Amino acid sequence: MEKIKEEQPRIYAFLEKVVEHGRLAHAYLFSGPEGTGKREMALFLAKRLLCSGQPKPCGRCPNCMRIAHHNHPDVRWLKPEGQSIKIDQVREIQGHFARRSFEEGWRVLVIDGADQLTPQGANSLLKFVEEPQKKTLILFLSSFREKVLPTIRSRCQEIVFPPPPPWKIYRRLAEEYGEEKARLVAAITADLEEGRALCEAEWFAELETIVLQLVEECMHNKVEAFMLLEQRWLKVAKEREETGIGLDLLLLWYRDLLYLKLGMDDKLTFVGHREKLARQAQQVSQRQLMHWIEAILAAKKRLLAFVHPQLVLEQLVLRLKEGSHV
């Protein structure tokens with residue numbers, strides 16, 4: 001609990017207060033980027049309500065331990081199967097909550113990925129949310145609040161989880177991995193643990209090298225760019241999320257080029273490649289850079305829309321190569 005209390009002190013204090021005074025709403029939407037503590041806060045609330053020890057949550061009693069390991073019968077987690085949370089999943093969980101509580105206390109339903117509810121699944125939940133059973137708490141978690149159906153949002157009290165300031169992530173990572181790597185990773189993630197994982201991952205270091213080579217080949221309109229995707233990128237970035245991080249690296253590189261064009265050298269992320277950045281910045285126009293940045297942002301949206309990563313990358317490379325003539 002100390003971690004989430006430190007990372008989101010205001011939200012922690014607010015929820016502790018409403019529980020203490022018996023003013024807990026029946027449904028909350030926890031929204032905010034990945035790595036901001038939404039799941040940890042959901043665990044805290046569940047433990048706080050079902051803890052049998054002191055002070056609450058004690059973290060040591062059987063209830064706290066079972067909740068921590070996701071095997072408490074009165075705390076259920078609903079997550080996407082494949083690309084969405086389907087109506088059959090919703091019906092199954094509603095059937096579970098229609099039965100009496102196993103231990104005659106609070107029951108908590110956590111819908112992790114509320115933006116991935118199908119319209120049918122969301123509509124099936126409406127009555128459940130509108131007419132909650134006594135001592136039932138529903139927590140919707142989402143990294144993309146705008147994708148949560150308005151009918152769900154309007155029936156919840158929303159709590160926005162702000163990301164920690166980049167300087168805080170950077171400072172912690174710099175102490176452990178050095179300033180150069182910390183600056184890059186802190187620009188990609190607001191999650192300290194994910195940042196540590198990236199700093200230590202061999203695939204991330206290799207993907208950075210591939211990204212810089214891809215930039216060079218696209219700028220010179222080389223056909224080898226497509227071979228680089230097939231022979232190296234797709235073999236290193238095997239998961240959709242890893243390709244997303246590769247797109248982030250591309251975006252940061254072109255942003256650095258734009259910073260150099262605008263005389264904002266102090267904002268560079270790839271500080272260890274200043275000479276290469278300076279050379280490339282002399283070869284391109286601000287208009288080209290804006291074209292490339294827009295292309296990468298469009299690719300990120302397509303990736304989030306579950307377009308196949310290889311197709312996303314191939315179409316992006318076409319646009320990057322076209323941009324060399326803008």
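The values are calculated or read from the model by the stated rules, or taken from the named source; none is laboratory data. Just so it is clear, the model here is predicted, and its values are computed rather than measured. FYI the Cβ positions are ideal-geometry reconstructions off the backbone, even for glycines, and counts take in every protein chain you see.
Quick notes
- Selection within the range 194-223 - part of a helix (DSSP H, G or I) and at pLDDT below 90: Glu194, Met219
- Residue match in the range 153-165 (condition: assigned by TED's automatic domain parsing to the domain that holds Glu314, surrounded by 17 or more Cβ atoms within 10 Å (Cβ to Cβ) and over 17 Å from the mean Cα position of the chain (by Cα)): no
- Evaluated against (1) under 26 Å from Gly35 (Cα atoms); (2) small (Gly, Ala, Ser); (3) touching a residue at least 40 places away in the same chain (Cβ under 8 Å), Ala174 falls short on exactly one condition, (3).
- Scanning the range 180-211 for residues that are surrounded by fewer than 17 Cβ atoms within 10 Å (Cβ to Cβ), touching a residue at least 24 places away in the same chain (Cβ under 8 Å) and within 22 Å of Arg274 (Cα to Cα) returns Glu180, Glu206.
- In summary, Ala46 fulfils each of the numbered conditions (1) at pLDDT 95 or above; (2) within 20 Å of Pro162 (Cβ to Cβ); (3) touching a strand residue (DSSP E or B) at 6+ places or on another chain (Cβ under 6 Å); (4) not hydroxyl-bearing (Ser, Thr, Tyr) with the single exception of condition (2).
- Residue that is of a type in the set (D, E, K, R), outside any helix (DSSP H, G or I) and assigned by TED's automatic domain parsing to the domain that holds Arg60, where the choices are Arg23, Arg10: Arg23
- Of all residues in the range 240-268, those that are assigned to a helix (DSSP H, G or I) have Cβ atoms under 9 Å from Cβ atoms of residues that are of a type in the set (Asp, Glu) and surrounded by fewer than 17 Cβ atoms within 10 Å (Cβ to Cβ), 6 or more apart or on another chain, in Tyr259/Asp265; Tyr259/Asp266.
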